[in-house]
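S.K.: Right, I'll just put the structure down here and ask away after.
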Amino acid sequence: MATYHIETYGCTSNRGESRAIERALRDGGHRPADGPEDADVAILNSCTVVEKTERNMLRRAEELEATTAELVVTGCMALAQGEEFREAGIDAEVLHWDAVPEHVLNGECPTHTPDTEPVLDGVIGILPIARGCMSNCSYCITKFATGRVDSPSIGENVEKARALVHAGAKEIRVTGQDTGVYGWDTGDRKLPELLDRICAIDGEFRVRLGMANPGGIHGIHEELADVFARNEELYDFIHAPVQSGSDDVLADMRRQHRVEKFREVVETFDGRLDHWTLSTDFIVGFPTESDADHERSMDLLREVRPEKVNVTRFSKRPGTDAAEMKGLGGTVKKERSKAMSELKMDVVGEAYESMVGETFEVLVVEEGTGDSVKCRDSAYRQIIVQRASDHGVEVGDFLTVEVTGHNTVYAFGEPTGAGHRVGGSRSSAVGSSHP
């Protein structure tokens, strides 16, 4: 039996895959090592979102190879750019997620039991509902690793969610490369029904829906908004990456939506929910982005005013169609990224400033730095409670806090009563609606 060490980089889907790998290894009798230097095998679950990440993965792989008897590389970079590790002279097995346990187990069959440990990280349960996506974006390399969408049945996913709740999960993160296209491979748009059924599970917990492309959720956005409105277990939070405010750039990106579809999704949720959080992404400096296109993106950011924004400077990914396009200069991309990032901080800061003085019911999801804890309100906004031990506050608690201040991208809150616990029900946040 082997000792193993796992390192995970990237999104919550990767974290879920690593937990599944570790579960299979534990079931097979293997055990975790104290560190890579003590492991028989090191497993690097890699990410390849941008070029800088790719360089970091190669450097970390070199370090692990030097300290561990055997190295296995999996994850998105391994599957999309496995040759990069070989060309760098790194001696590693490059494998798909599913093949890692079998490789480490060396042909041994793991013994699965009814009490197999769920995919659980503290009180956060990670539930990957499908693999792959239905998009063909010109800049994306991840699709080479994940392929087209493959959706397990609603029943299977509900049972996985129930196991997480029974194991102590207080927050279930529904993840996938694109959750909005769940079920498309079987000819059915099943996400609303899946969320309804997860929320009907007995227990006190919250559910966060992971990234859903606007093109995927547009066809179900009215039904989906109704699901959010009737289920208190769901965080009122949507991550819908628009990527650009220009239809011309979206066409060159081969995105499945245009700006108006994105607006329709936002307007529908505005009409159904008293308050909700919009999270979105922008790619700055795409090869065909003109000054006017960039200004359209800036205008859209000002218009919809999302509470969470990811700004990414375009970088060419090998093997993608966008890599063949003549790129913009680094100075142009840097200036546009700086301008959008500054606007983003103004927009997000304004959203958190509006929370000061208001009272919210929150779930404590994880420990912070020092004696603090991180909480989420009903719209998934982050509220930090300091001096947690003084208040008798622990991870997994439901409590009421008053927001006393903010630090642009998160708020600070004080419990209204020492150790006060809310009985698991969630109220709508007090405050203005989005936007």
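S.K.: Give me the lysines in straight-line cross-link reach of residue 344: C-alpha distance below 18 Å, same-chain residues under 8 apart excluded.
M.R.: Leaving aside lysines fewer than 8 places away in the same chain, those within reach of residue 344 are 308, 333, 334.
S.K.: Here's something else I'd like to know. Could you size up the charge dipole of the chain around its Cα centre, putting +1 on the beta carbon of Lys and Arg and -1 on that of Asp and Glu, and report it in debye to the nearest 20?
M.R.: Rounded to the nearest 20 debye, it is 700 debye.
S.K.: Same structure again: Please label the shape of segment 1-90 as rounded, prolate or oblate, based on the square roots a ≥ b ≥ c of the eigenvalues of the alpha-carbon gyration tensor (a/c under 1.5 means rounded; beyond that, a/b larger than b/c means prolate, else oblate).
M.R.: It comes out oblate by the Cα gyration axes.
S.K.: Per DSSP helix of 4 or more residues, -39500 (n - 2.57); summed, then divided by the residues of the chain. What does that give at 222 nm, rounded to the nearest 500?
M.R.: -10500 deg cm²/dmol
S.K.: Another one. Averaged per residue, what accessible surface does the chain expose to a 1.4 Å probe, in Å²?
M.R.: About 42 Å² of surface per residue is accessible.
S.K.: How would you classify segment 263-346 from its alpha-carbon gyration tensor, with a ≥ b ≥ c the square roots of the eigenvalues: rounded for a/c under 1.5, else prolate if a/b is greater than b/c, otherwise oblate?
M.R.: prolate
S.K.: So for each of 387-399, 34-46 I average, over its residues, the number of other beta carbons within 10 Å; can you give me the resulting order with the highest mean first?
M.R.: For the peptides 387-399, 34-46, the packing ranking is 34-46, 387-399.
S.K.: Determine the relative contact order of segment 119-200: mean sequence separation of Cα pairs under 8 Å and six or more apart, normalised by residue count, in whole percent.
M.R.: For segment 119-200, the relative contact order is 39 percent.
S.K.: Answer with a single label: of (1) 171; (2) 154; (3) 146, which was calculated as volume of the Cα convex hull per residue in Å³ from the structure in view?
M.R.: Calculated volume of the Cα convex hull per residue in Å³: the matching label is (3).
S.K.: Separation of segment 266-281 and segment 60-95 by C-alpha centroid, Å?
M.R.: 41
S.K.: With a 1.4 Å probe and every protein chain kept in, tell me what percent of the accessible surface of the chain is carbon plus sulfur.
M.R.: Carbon plus sulfur share of accessible area: 44 percent.
S.K.: While we're looking at this one, here's another question. Multiply the residue gap between residue 34 and residue 316 by 0.36 nm, knock off their C-alpha separation, and tell me the result in nm, one decimal place.
M.R.: Taking 0.36 nm per residue and subtracting the Cα distance, the gain is 97.8 nm.
The values are calculated or read from the model by the stated rules, or taken from the named source; none is laboratory data. These figures come from a predicted structure and were not determined experimentally. Using ideal geometry, Cβ is built from the backbone for each residue, glycine included, and neighbour counts are taken over all protein chains shown. Surface accessibility is based on the protein's heavy atoms, side chains included, excluding ligands, DNA and RNA. Shrake-Rupley method; radii C 1.70, N 1.55, O 1.52, S 1.80 Å.
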